[in-house]
DNA sequence: GTGCAATAATTGCAATTGCAAGTTTAGCAT
DNA sequence: ATGCTAAACTTGCAATTGCAATTATTGCAC
């Protein structure tokens with residue numbers, strides 16, 4: 001490996017590490033904001049999905065959220081307990097549930113969006129508009145979506 | 001909020017989400033590779049730090065790794081049990097430990113570096129050289145380091 | 001040099017998580 | 001229509017984690 005490649009290797013090596021730090025930092029910020037509303041970190045994406053797609057099935061949430069079914073199950077247990085969502089019988093399948101936000105759940109929507117925007121803005125603050133553009137363009141490419 | 005800002009808001013909303021997915025994806029890849037060596041995910045950065053900075057103190061590892069002290073404590077318990085590191089008395093402070101890699105631990109070094117390089121290369125594969133450059137430049141700026 | 005706040009590290013305990021196994025229902029092949 | 005595989009969801013249990021309290025030591029203020 002020549003010097004140029006070696007340098008690149010070292011720089012790239014720290015890539016994973018930085019992604020982890022960034023993810024954790026955002027998680028912590030989100031976590032403290034969500035706690036004020038009585039929500040946990042894993043509950044949050046589930047609640048968002050329900051709000052954005054009224055009547056989704058748990059399996060659909062799991063697929064969008066890229067997490068195993070039991071995570072959804074348990075997140076919903078909590079959300080239901082707090083009266084934010086309900087599991088209604090699915091019209092065509094007796095093993096599936098249609099998940100709906102209750103009125104209280106729907107009322108949470110603006111606050112949740114505000115948190116997301118705030119944390120994202122805060123995190124992206126050190127970048128210029130052009131850099132932000134670039135980053136937001138690169139991420140989906142990395143993930144393949 | 002005008003249409004342009006709204007669109008931006010939606011794109012930014014997915015920013016945190018995409019970072020989480022990327023982080024988790026890399027964690028999973030790392031996790032399976034490390035498992036083959038008998039290492040856990042939290043043990044890995046600790047082992048790397050010890051290899052790169054022979055004789056560090058646990059508090060120093062915690063600081064570099066940005067994690068609470070008890071995480072280091074427990075990671076070292078495991079690494080020590082596997083005979084990869086030792087806690088030696090600190091020359092000037094009786095409450096601190098100097099952490100050293102054993103011979104077996106040092107022998108692991110090339111394999112660990114190989115894993116890091118592989119996973120990073122794999123993750124960055126969808127990007128062109130220029131895009132990789134750009135991304136590797138943006139991350140430290142975001143994190144402030 | 002005495003007392004006191006801070007640092008280094010560990011650990012008990014409760015909460016969270018992940019895995020794998022369980023239940024019920026669907027759909028499909030024959 | 002019967003049986004068999006797969007899907008949707010749940011749950012018991014063990015492992016991991018995080019918090020807060022504990023021990024031991026240090027350095028500093030007076």
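Readers should treat all values here as calculations from the given coordinates under stated rules, not as data from a laboratory. Every value quoted in this text rests on a predicted model; they were computed, and no experiment measured them. FYI the Cβ positions are ideal-geometry reconstructions off the backbone, even for glycines, and counts take in every protein chain you see.
How many nanometers, to one decimal and shortest first, lie between the label point of residue B:77 and those of its other copies, if labels sit 7 Å from Cα toward Cβ?
Here the equivalent label points are 2.6 nm apart from this one.
Give me the distance between the Cα centres of segment B:20-68 and segment A:70-145, rounded to whole Å.
29 Å
Along Cα-to-Cβ, 7 Å out, sits the label point; list in nm, shortest first, how far the one on residue A:59 is from those in the other copies.
5.5
Between 0 and 90 degrees, rounded to the nearest ten: what's the tilt of helix A:103-124 against the longest Cα principal axis of chain A?
0 degrees
Distances from residue B:143 to the same residue in each other copy, label points 7 Å out along Cα→Cβ, in nm, shortest first?
2.0
Put a dot 7 Å past each Cα toward the Cβ at residue B:129 and residue B:53; how far apart are the dots in nm?
About 3.4 nm, to one decimal.
What value in Å³ per residue do you get for the convex hull of the alpha-carbon atoms in the protein assembly as shown?
177 Å³
How well do other chains shield peptide B:22-29, expressed as the mean number of their Cβ atoms within 10 Å of each residue Cβ?
Partner-chain Cβ atoms within 10 Å, mean over residues of B:22-29: 5.
Under a plain spin-label model, where a point goes 7 Å from the Cα along Cα-to-Cβ, how far apart in nm are residue B:141 and residue B:114?
Each label point lies 7 Å from its Cα, and together they span 3.6 nm.
Given a Förster radius of 30 Å and the C-beta distance between residue A:106 and residue A:74 as r, what FRET efficiency does 1/(1 + (r/R0)^6) yield to the nearest 0.05?
Numbers: r = 22 Å, r/R0 = 0.73.
Between residue A:106 and residue A:74 the formula returns 0.85.
Which of B:129, B:27 comes first, and how do the rest follow, when ranked by fewest Cβ neighbours within 10 Å?
The most exposed by this proxy come first: B:129, B:27.
Return one quarter of the surface area of the convex hull spanned by the alpha-carbon atoms of chain A, equal to its mean projected area, in nm².
Here the figure is 11.4 nm², rounded to one decimal.
Residue of A with Cβ nearest the axis relating A to B, plus distance in whole Å?
Minimum Cβ distance to the axis, with residue: A:23, 2.
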